[in-house]
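Shown next, in structure tokens, is the structure this report addresses.
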Ligand code: SF4
């Protein structure tokens, strides 16, 4: 197993809301995980479950309410000025390359900007830009163009190139392929895998798409309303999910197998509000397996064997 890169303990992020009466959106409510060098750990769950907030808090792009975050043993929540230097080692790939690339900058400027910001340009801008373009399979003729002159796939490659400019050891990839066509998605994921093989980065991979997560991650955490409900080896979870929510998510994956279609679990109702989450197990109002105890007692995330963690009173 590789060196431990990231360690997150009991991370919480509550956003205040409400004008007349103070209330809190519990976007992330006590999650813990580790990521090792060269490993991809994925967060999966429906939109609004808190996945992206976990990613941003891990990089301290959003200040957590409480908890601990370590990068190679360094307590990043305790850093002030030193955080800027550490950011070189921790980068993010955004879902929306359009929004993350300055439309007034040409591709050359965009690629060398991270070096310039960190005072590392030293006259090697063009050489670095060409090296980065080659790494992400783009051609040098794009250097003089603006982002709007590129296709969506090319813009996302520029986003990936910017993320690796400073040779990071850890990358948060927040739905990196979600805005792309299926064929381009596959190329993008291949590219991320190849770069990881070449440079050994650890990825925190965030996606609502369980098929993509299955391809990309060695381990996954399934999130529901700000909490992890199941964590473990990707293959094991796909072969035998133990939490009813995970079972429902996996059963919804489109398939050509008619028997699998018959076994689809359809969840009733909407995801409850994270301002006032349900008592006991947060999933109980939608859970097809719920019993009386589920609305009263919150299940702990417990190891059911070999690091497979499940938060359900009836998981074995
Ligand atoms: Fe369903 Fe109860 Fe398990 Fe929650 S604890 S997932 S409500 S069976």
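The values are calculated or read from the model by the stated rules, or taken from the named source; none is laboratory data. Here the structure is a predicted model, which is why all the values come from computation and not from measurement. Positions of Cβ are backbone-derived with ideal geometry, glycine not excepted, and every protein chain shown enters the neighbour counts.
Consider segment 269-300. How many of its residues are under 28 Å from residue 17 (Cα atoms) and out of contact with any helix residue (DSSP H, G or I) (no Cβ under 7 Å at 6 or more places or on another chain)?
Count: 15.
Which one of 121, 79, 59, 83 is closer than 16 Å to residue 7 by Cα, touching a helix residue (DSSP H, G or I) at 6+ places or on another chain (Cβ under 9 Å) and free of Cβ contacts under 8 Å to residues at least 24 places away in the same chain?
Details: 121 fails: closer than 16 Å to residue 7 by Cα; 59 fails: free of Cβ contacts under 8 Å to residues at least 24 places away in the same chain; 83 fails: closer than 16 Å to residue 7 by Cα.
Result: 79 is the single residue among 121, 79, 59, 83 that is closer than 16 Å to residue 7 by Cα, touching a helix residue (DSSP H, G or I) at 6+ places or on another chain (Cβ under 9 Å) and free of Cβ contacts under 8 Å to residues at least 24 places away in the same chain.
Quick grid of which residues meet (1) in contact with a helix residue (DSSP H, G or I) (Cβ under 9 Å, 6 or more places away or on another chain); (2) within 29 Å of residue 304 (Cα to Cα); (3) without any contact (Cβ under 8 Å) to a residue 12 or more places away in the chain; (4) buried (at least 24 other Cβ atoms within 10 Å of the Cβ):
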{"site": "171", "(1), (2), (3), (4)": "yes, no, no, yes"}
{"site": "179", "(1), (2), (3), (4)": "yes, no, no, no"}
{"site": "190", "(1), (2), (3), (4)": "no, no, yes, no"}
{"site": "193", "(1), (2), (3), (4)": "yes, no, no, no"}
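In segment 242-269, which residue that is at pLDDT 90 or above and part of a loop (DSSP other than H, G, I, E, B) is nearest to the ligand (Cβ to nearest atom)?
Of everything passing the filter in segment 242-269, 243 is nearest to the ligand (Cβ to nearest atom).
Can you find even one residue in segment 223-231 that is over 18 Å from residue 47 (Cβ atoms), touching a strand residue (DSSP E or B) at 6+ places or on another chain (Cβ under 7 Å) and in a helix (DSSP H, G or I)?
Scanning segment 223-231, I find no residue that is over 18 Å from residue 47 (Cβ atoms), touching a strand residue (DSSP E or B) at 6+ places or on another chain (Cβ under 7 Å) and in a helix (DSSP H, G or I), so the answer is no.
Of all residues in segment 302-316, which are in contact (Cβ under 8 Å) with a residue 60 or more places away in the chain, at negative phi and more than 8 Å from the ligand (Cβ to nearest atom)? Explain how you work it out, then say what you get.
Within segment 302-316, the subset in contact (Cβ under 8 Å) with a residue 60 or more places away in the chain is 304, 306-312, 315-316.
From what is left, the residues that are at negative phi are 304, 308-312, 315-316.
Hits for segment 302-316 are 304, 308, 309, 310, 316.
Kindly indicate the residue of segment 81-96 that is buried (at least 18 other Cβ atoms within 10 Å of the Cβ) and more than 22 Å from residue 180 (Cβ to Cβ) and also modelled with the highest pLDDT among those meeting that condition.
Let us first name the residues in segment 81-96 that are buried (at least 18 other Cβ atoms within 10 Å of the Cβ), namely 87, 90-95.
Those left that are additionally more than 22 Å from residue 180 (Cβ to Cβ): 87, 90.
Working: 87: 89, 90: 96.
Residue satisfying both the conditions and the ranking: 90.
Which residue, of 299, 285, 272, is surrounded by 15 or more Cβ atoms within 10 Å (Cβ to Cβ), within 14 Å of the ligand (Cβ to nearest atom), without any contact (Cβ under 8 Å) to a residue 24 or more places away in the chain and not in a helix (DSSP H, G or I)? Write out each step before concluding.
Details: 285 fails: not in a helix (DSSP H, G or I); 272 fails: without any contact (Cβ under 8 Å) to a residue 24 or more places away in the chain.
Matching residue, one of 299, 285, 272: 299.
Given the structure, is residue 88 part of a helix (DSSP H, G or I) and touching a helix residue (DSSP H, G or I) at 6+ places or on another chain (Cβ under 9 Å)? Write out each step before concluding.
On the way: part of a helix (DSSP H, G or I): yes; touching a helix residue (DSSP H, G or I) at 6+ places or on another chain (Cβ under 9 Å): yes.
It is true that residue 88 is part of a helix (DSSP H, G or I) and touching a helix residue (DSSP H, G or I) at 6+ places or on another chain (Cβ under 9 Å).
Can you name the number of the only condition in (1) surrounded by fewer than 18 Cβ atoms within 10 Å (Cβ to Cβ); (2) modelled with pLDDT of 90 or more that residue 99 fails?
Residue 99 satisfies every listed condition except (2).
Only one of these is part of a strand (DSSP E or B) and surrounded by 21 or more Cβ atoms within 10 Å (Cβ to Cβ): 110, 43. Name it. Give the derivation first.
Working: 110 fails: part of a strand (DSSP E or B).
Just one listed residue meets the conditions, 43.
In this structure, is residue 221 surrounded by 13 or more Cβ atoms within 10 Å (Cβ to Cβ), more than 11 Å from the ligand (Cβ to nearest atom), closer than 28 Å to residue 15 by Cβ and at pLDDT 95 or above?
Values: surrounded by 13 or more Cβ atoms within 10 Å (Cβ to Cβ): yes; more than 11 Å from the ligand (Cβ to nearest atom): yes; closer than 28 Å to residue 15 by Cβ: yes; at pLDDT 95 or above: yes.
Yes: the conditions hold for residue 221.
Out of segment 46-58, which residues are outside any loop (DSSP other than H, G, I, E, B) and in contact with a strand residue (DSSP E or B) (Cβ under 7 Å, 6 or more places away or on another chain)? Give the steps one after another, and end with the answer.
Filtering segment 46-58 down to residues outside any loop (DSSP other than H, G, I, E, B) leaves 51-58.
Across segment 46-58, the qualifying residues are 51, 52, 53, 54, 55, 57, 58.
Quick one: residue 277 ticks every box in (1) within 10 Å of the ligand (Cβ to nearest atom); (2) more than 17 Å from residue 252 (Cα to Cα); (3) assigned to a loop (DSSP other than H, G, I, E, B) bar one, so which box is it?
(1)
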